[in-house]
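Read through the structure below, which is laid out as structure tokens, and then see the notes.
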Amino acid sequence: QSALTQPPSAAGSPGQSVTISCTGASSDFGDKKYVSWYQQYPGKAPKLMIYEVNKRPSGVPDRFSGSKSDNTASLTVSGLQAEDEADYYCSSYTGNDFWVFGGGTKLTVL
Amino acid sequence: EVQVVESGGGLVQPGGSLRLSCAASGFTLTDNYINWVRQAPGKGPEWVSVIYTTGTTYYADSLRDRFTISRDKSKNTVFLQMNRLRVEDTAVYYCARGVNRAFDTWGQGALVTVSS
């Protein structure tokens, strides 16, 4: 399996909304519901932001939301804040005891 | 507090071996599965291996012949034995707890540098 495809960069002004896409083959999305998203600051470990396409772990602001249509998953960050500036990675469980990740999107808050 | 802590990273020559450890606390390996995920400099993460609560293991196709995941339940610790290391194996190696087919708890990472 090859990596999922994400745009290398995205940007928005404070208060705006930004959507990051994550595209793959149908085989990358296996059971279709096991898409997750991670936030990573430089030099730090990734942090789980979204799991099972659109569920948020405890403590993650509701400004973060996820969705999926066919072979494209999306992460939307609403009401952008300066602290949202980070790298974001999508991941999918393929259903064959194998996971794939996207190449990452650098989100800039203008 | 749920936590995983990696250790064992370092500098190794091409062809050498290294064993990473992942000590888990706040949960047991019989209740949750553990993954190894690596991230090369400037790249996205790459899934490496998983050990399920049953002890069953799986690997990324390109690594199964050189990497071995194992665990010591008495120490609540997971290991990643890496053999015949290559320059392209240089990365930060993270262990991460798996929940709902996602990685909900990550360690701080162990840097592995393969260089002569």
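Please compute the modelled spin-label separation between B:ARG84 and A:SER58, points set 7 Å along Cα→Cβ, answer in nm with one decimal.
Modelled inter-label distance: 4.6 nm.
How large is the Kirkwood hydrodynamic radius of the protein assembly as shown, counting all unique pairs of alpha carbons, in Å?
17.8 Å
Report the charge-dipole magnitude of the stretch B:25-116 in Debye, nearest 20, computed about the Cα centre from +1 at each Lys and Arg Cβ and -1 at each Asp and Glu Cβ.
100 debye
Cα extents of the stretch B:27-85 along the three principal axes, largest first, in whole Å?
Answer, in whole Å and largest first: 34, 22, 18 Å.
Just to be sure I understand the model, the point goes 7 Å from the Cα along the line to the Cβ. What's the resulting B:THR56 to A:GLN16 distance in nm?
In this crude label model, B:THR56 to A:GLN16 measures out at 4.7 nm.
Report, in debye and to the nearest 20, how large the dipole of the stretch A:23-67 comes out about its Cα centre when Lys and Arg carry +1 and Asp and Glu carry -1 on their Cβ.
Dipole about the Cα centre, nearest 20: 180 debye.
What average count of beta carbons from other chains do you get within 10 Å of the Cβ of residues in B:40-50?
5
Using the scaling law 2.2 N^0.38 Å as the reference, what is the normalised Cα Rg of chain B?
0.99
Where a Cα-Cα gap under 21 Å defines reach, which lysines qualify for A:LYS44, not counting those fewer than 8 residues away within the same chain?
Answer for A:LYS44, where 21 Å is the Cα cut-off: A:LYS106, B:LYS43, listed by chain and number.
How many times 2.2 N^0.38 Å is the alpha carbon radius of gyration of chain A?
The reported ratio for this selection is 1.00.
As I understand it, the dipole of chain B uses +1 on the Cβ of Lys and Arg and -1 on the Cβ of Asp and Glu, about the Cα centre. Which of B:VAL12, B:TRP36, B:VAL48 lies farthest toward its positive end?
B:VAL12
We did not get these values from a lab; they are worked out from the coordinates using the rules stated. None of these values were measured; they are calculated from a predicted model. Positions of Cβ are generated from backbone atoms using ideal geometry, with glycine treated the same way; all protein chains shown enter the neighbour counts.
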